[in-house]
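Undergrad: Below is one structure. I have some questions about it.
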């Protein structure tokens, strides 16, 4: 009679000799083989017995249970929260101080522009140079603040023959680009130079107006002109010069 009868639900089959026996046993009653090995892999041999293919405990291949770790404890969380609140308070305080200082500075600047102190009498020293290609370059020195925008005009009689704008003052000096006489070389002759500059928000940068006043109030002298309806002072300087052969 064969031992390979249907296995009851509460019975266990010996992997070595194939004997069916009670499920509560730990060893086979016939061959002594373990009935509940911990995850080993077995192979059934030709003679009906079972042998271990690889001595591997499969239970060790399972990943270890994950343990939730507390990244930050209650005390650490309270410290971090306190630092965040402190940083926010410092940021707000610095922003308030900066806005207050900016407002005070803007107020002082506006007050000065409305009532500038001191005076400036413009002075000019000019030089005229004609190159080998017969173009003209005008350079000069002046006591106007750096950044002042000048317009340089050259006349032949009453006819405007050359203009350059803006010619910017830098370190008390200025220089035009090479100029042509209505697109042609300058011929030896007498000419008149006119320097013009208007002082107001539309014509000069803010840092120039900080020196001369918002409408050029600090500028004085025979070259400076003002009108009641004008939005700024106008400076006009003229000089005659001659280009030789």
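Undergrad: Scan (1) on the phi > 0 side of the Ramachandran plot; (2) free of Cβ contacts under 8 Å to residues at least 24 places away in the same chain for the single condition residue 206 breaks and write down its number.
TA: (1)
Undergrad: Might you check whether a residue that is assigned by TED's automatic domain parsing to the domain that holds residue 142, under 12 Å from residue 144 (Cα atoms) and over 39 Å from the mean Cα position of the chain (by Cα) occurs anywhere in segment 228-240?
TA: yes
Undergrad: Given the condition modelled with pLDDT under 60 and over 36 Å from the mean Cα position of the chain (by Cα), answer yes or no: does some residue in segment 107-115 qualify?
TA: yes
Residue-by-condition table, conditions (1) in contact with a strand residue (DSSP E or B) (Cβ under 8 Å, 6 or more places away or on another chain); (2) surrounded by fewer than 17 Cβ atoms within 10 Å (Cβ to Cβ):
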site: 148; (1), (2): yes, no
site: 172; (1), (2): yes, yes
site: 209; (1), (2): yes, no
site: 221; (1), (2): no, yes
site: 233; (1), (2): yes, no
site: 238; (1), (2): yes, yes
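Undergrad: Something else about it: Those residues that are assigned to a strand (DSSP E or B) and farther than 11 Å from residue 186 by Cα, I need them from segment 130-149; list them, please.
TA: 138, 139, 140, 141, 142, 149
Undergrad: Could you please let me know if residue 202 is assigned by TED's automatic domain parsing to the domain that holds residue 238, modelled with pLDDT under 95 and over 45 Å from the mean Cα position of the chain (by Cα)?
TA: No; evaluated as a whole, the condition is false for this residue.
Undergrad: While we're here: When both residues are 6+ apart or on different chains and their Cβ atoms are under 6 Å apart, which pairs have a first residue that lies in segment 23-39 and is within 12 Å of residue 13 (Cβ to Cβ), and a second that is modelled with pLDDT under 70 and surrounded by fewer than 13 Cβ atoms within 10 Å (Cβ to Cβ)?
TA: Filtered contacts from segment 23-39: 23/10.
Undergrad: Considering only segment 150-171, I want to know if a residue exists there that is within 18 Å of residue 233 (Cβ to Cβ) and assigned to a loop (DSSP other than H, G, I, E, B).
TA: So far as segment 150-171 goes, yes, one or more of its residues are within 18 Å of residue 233 (Cβ to Cβ) and assigned to a loop (DSSP other than H, G, I, E, B).
Undergrad: Oh, and also: Please determine whether any residue of segment 174-197 is within 21 Å of residue 118 (Cα to Cα) and either in contact (Cβ under 8 Å) with a residue 12 or more places away in the chain or in contact with a strand residue (DSSP E or B) (Cβ under 7 Å, 6 or more places away or on another chain) (or both).
TA: Yes, that holds for at least one residue.
Undergrad: Is it fair to say residue 197 is closer than 30 Å to residue 130 by Cβ and surrounded by 16 or more Cβ atoms within 10 Å (Cβ to Cβ)?
TA: It is true that residue 197 is closer than 30 Å to residue 130 by Cβ and surrounded by 16 or more Cβ atoms within 10 Å (Cβ to Cβ).
Undergrad: Name the single residue that is farthest from residue 238 (Cα to Cα) among those in segment 124-136 being in contact (Cβ under 8 Å) with a residue 24 or more places away in the chain and surrounded by fewer than 16 Cβ atoms within 10 Å (Cβ to Cβ). Talk me through it step by step, then tell me what you get.
TA: Quick first cut of segment 124-136, residues in contact (Cβ under 8 Å) with a residue 24 or more places away in the chain only: 124, 126, 128, 130-131, 133-136.
Retained after the next criterion (residues that are surrounded by fewer than 16 Cβ atoms within 10 Å (Cβ to Cβ)): 131, 133-134.
Numbers: 131: 23, 133: 26, 134: 22 Å.
The extreme case among them is 133.
The values are calculated or read from the model by the stated rules, or taken from the named source; none is laboratory data. Everything numeric here is computed off the predicted structure, so don't read it as measured data. Counting neighbours? That spans all protein chains shown, and the Cβs are built from the backbone with ideal geometry, glycine included.
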